[in-house]
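Before any comments, here is the structure.
The values are calculated or read from the model by the stated rules, or taken from the named source; none is laboratory data. From a predicted model like this one, the values you see are computed outputs, not experimental measurements. Don't worry about glycine lacking a Cβ; one is built from the backbone with ideal geometry, like all the others, and counts go over all protein chains shown.
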Amino acid sequence: MVRRIAAGEKAAEAELVERCGRTLRFLTRRYARNDADAEDLYQETLMLALEKIRRRELREPERLAAFLRALAKNLSTQRYRGRSYEVETPSDNLPELQDEHRPNPLGGLLHRERVRLTRLLLADLKVERDREVLLRYYIAEEGSAQIRADLGIDAEHFHRVLHRARQRYRRLWEEHSPTA
């Protein structure tokens, strides 16, 4: 079968999937964290295996099962190493943060002052649409699709409008901020 795949026979590729697919699916479910990842890993393993066989990189055709198992394991390891920094840290292991956002008298005062200044600056924006977009997108946390629909603009134009509004707001902030 391996030699036939290397020779370009499509029926041999289908035979590989038929003969090894069930076991490979079982393995990828063991190696993956969820069904979606398992299916992606299964597909990726099959594609890479077929490419390697076509390029005649499988030196021992009689060890096809071991080759597929090792390939799935290696792909799984690569996949999760790339995500290893996304693993959640239990909250009781997080370091204590000392900054102005924590509930303490100084942090609360600084936060209230920033909120007050933000409201004043938003009111001072000369372009009404800037004020509306910034308030709706950042303060009310509305989705961009709804804002675009209400304003009658497409996604690309919305991002330009939002970018310009942020720039104008930033200029005002830098002019009036006590830390500028």
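A few comments on the model shown:
- Elements of the type helices (runs of 4 or more DSSP H) sitting completely within the range 120-180 and holding at least 1 residues that are under 25 Å from Leu110 (Cα atoms): these cover 128-134, 155-176.
- Test: residue in the range 77-86 that is at pLDDT below 75, out of contact with any helix residue (DSSP H, G or I) (no Cβ under 9 Å at 6 or more places or on another chain) and in a loop (DSSP other than H, G, I, E, B): yes
- Qualifying residues in the range 44-66 (those that are acidic (Asp, Glu) and under 17 Å from Thr23 (Cβ atoms)) - the one farthest from the chain's Cα centre (by Cα): Glu62
- Of all the criteria given as (1) in a helix (DSSP H, G or I); (2) at pLDDT 75 or above; (3) over 30 Å from the mean Cα position of the chain (by Cα), the one not satisfied by Leu110 is (2).
- Residue ID - modelled with the highest pLDDT, chosen from residues in the range 1-33 that are assigned to a loop (DSSP other than H, G, I, E, B) and closer than 15 Å to Ala72 by Cβ: Ala32
- Filtering Leu117, Leu97 for residues that are of a type in the set (A, V, I, L, M), at pLDDT below 80 and either touching a His at 6+ places or on another chain (Cβ under 9 Å) or part of a helix (DSSP H, G or I) (or both) leaves a single hit, Leu117.
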